[in-house]
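**Student:** Dropping the structure in here first, questions after.
The values are calculated or read from the model by the stated rules, or taken from the named source; none is laboratory data. Quantities reported herein were computed from a predicted structural model and do not represent experimental measurements. Here the Cβ positions follow ideal geometry from the backbone for every residue, glycine too, while neighbour counts run over all protein chains shown. Please note that ligands, DNA and RNA were not included when accessible areas were found on the heavy atoms of the full protein model with its side chains. Shrake-Rupley method; radii C 1.70, N 1.55, O 1.52, S 1.80 Å.
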Amino acid sequence: MRNGHITLVGGGPGAWDLLTIRGLRALETADVILADHLGPAAELSQFLDLEGKEVVDVAKLPYGRQVAQERINELLVQYAREGKQVVRLKGGDPYVFGRGFEELQACAAAGLECSVVPGVTSAVSVPAAAG
């Protein structure tokens with residue numbers, strides 16, 4: 001069986017309409033979406049047909065349920081080794097206040113292809129939205 005592909009997608013500051021077109025295209029072709037609570041995960045069904053897609057909640061909630069980073073890395077590798085197209089939907093940009101580089105390293109260590117789609121970071125978008 002051939003390995004799948006992993007794409008780390010920056011979902012922007014939480015509003016689904018600030019997702020990039022490249023990010024949307026990655027989500028459209030995904031078999032599995034590992035969704036962070038800071039990205040536009042709650043609105044996925046408003047702009048994406050989820051039929052045939054598995055959406056996995058890997059949120060790290062303050063004072064609540066938290067999926068360990070090591071487990072997220074394991075899931076990325078597991079699904080890609082099953083031949084699936086995997087999207088890790090993160091809030092903001094995968095590298096700004098995120099752990100995208102760690103995820104990229106885990107994929108590389110497993111010998112898996114991984115690409116990154118930058119997102120609008122809250123460091124820029126919040127001040128812009130506030131005027």
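**Student:** If you place +1 on the Cβ of every Lys and Arg, -1 on the Cβ of every Asp and Glu, and leave all else neutral, what size is the dipole of the chain about its Cα centre, to the nearest 20 Debye?
**Tutor:** Using Cβ point charges on Lys, Arg, Asp and Glu, the chain gives about 220 debye.
**Student:** In whole percent, how big is the carbon plus sulfur part of the accessible area of the chain, probe 1.4 Å, protein atoms only?
**Tutor:** Numbers: 3810 of 7020 Å².
Answer for the chain is 54 percent, counting heavy atoms of protein chains only.
**Student:** Once fully extended, how much extra length lies between ALA59 and ASN3, figured as 0.36 nm per residue of separation less the alpha-carbon to alpha-carbon distance?
**Tutor:** That pair, ALA59 and ASN3, stretches by 17.6 nm at full extension.
**Student:** Running a GNM on the chain with Cα contacts under 10 Å, which residue among LEU112, LEU24, LEU61 ends up with the highest mean-square fluctuation?
**Tutor:** Between LEU112, LEU24, LEU61, it is LEU61 that shows the largest mean-square fluctuation.
**Student:** So if a site counts as exposed when it's one of the trypsin sites (Lys or Arg not before Pro), its DSSP state isn't H, G, I, E or B, and it has at most 10 other Cβ atoms within 10 Å, what's the longest stretch of the chain without one?
**Tutor:** 66-131
**Student:** Let me have the 222 nm mean residue ellipticity of the chain computed from DSSP H runs of 4+ only, each contributing -39500 (n - 2.57), with the sum over all residues rounded to the nearest 500.
**Tutor:** After summing the helix terms and dividing by the residues of the chain, the value is -9500 deg cm²/dmol.
**Student:** With springs only between Cα atoms under 10 Å, which of GLY100, GLY91, GLY52 fluctuates most in a Gaussian network model of the chain?
**Tutor:** The residue with the greatest mean-square fluctuation here is GLY52.
**Student:** Considering the chain as a Gaussian network with a 10 Å cut-off on Cα pairs, which listed residue, PRO40, PRO62, PRO118, attains the greatest mean-square fluctuation?
**Tutor:** For the chain, modelled as a Gaussian network with Cα springs under 10 Å, the answer is PRO62.
**Student:** Using a cut-off of 14 Å between beta-carbons, work out the net charge of the residues near VAL67 (Lys and Arg +1, Asp and Glu -1, VAL67 not included).
**Tutor:** Here the charged neighbours net out to 0.
**Student:** Given a cut-off of under 8 Å on Cα pairs at least six residues apart, what relative contact order in percent is computed for the chain?
**Tutor:** Working: 262 pairs, mean separation 54.3, N = 131.
Computed over the chain, the figure is 41 percent.
**Student:** Per residue, how much accessible area does the chain have with a 1.4 Å probe, in Å²?
**Tutor:** Values: 7020 Å² over 131 residues.
Solvent-accessible surface per residue comes out at 54 Å².
**Student:** Near LEU104, within a Cβ-to-Cβ distance under 14 Å, what is the net charge of the other residues, with Lys and Arg +1 and Asp and Glu -1?
**Tutor:** Values: positive: ARG88, LYS90, ARG99; negative: ASP93, GLU102, GLU103, GLU113.
So the environment of LEU104 carries a net charge of -1.
**Student:** Considering only DSSP states other than H, G, I, E and B, which GluC sites (Glu not before Pro) in the range 91-131 qualify as loop sites with at most 12 other Cβ atoms within 10 Å? Intermediate results must be reported in sequence, preceding the final value.
**Tutor:** Working: sites: GLU102, GLU103, GLU113; in loops: GLU113.
Here the sparse-neighbourhood loop sites are GLU113.
**Student:** Output the antiparallel fraction of DSSP beta bridges having both residues in the range 1-95, as a percent to the nearest 5.
**Tutor:** Among the beta bridges of the range 1-95, antiparallel pairing accounts for roughly 10 percent.
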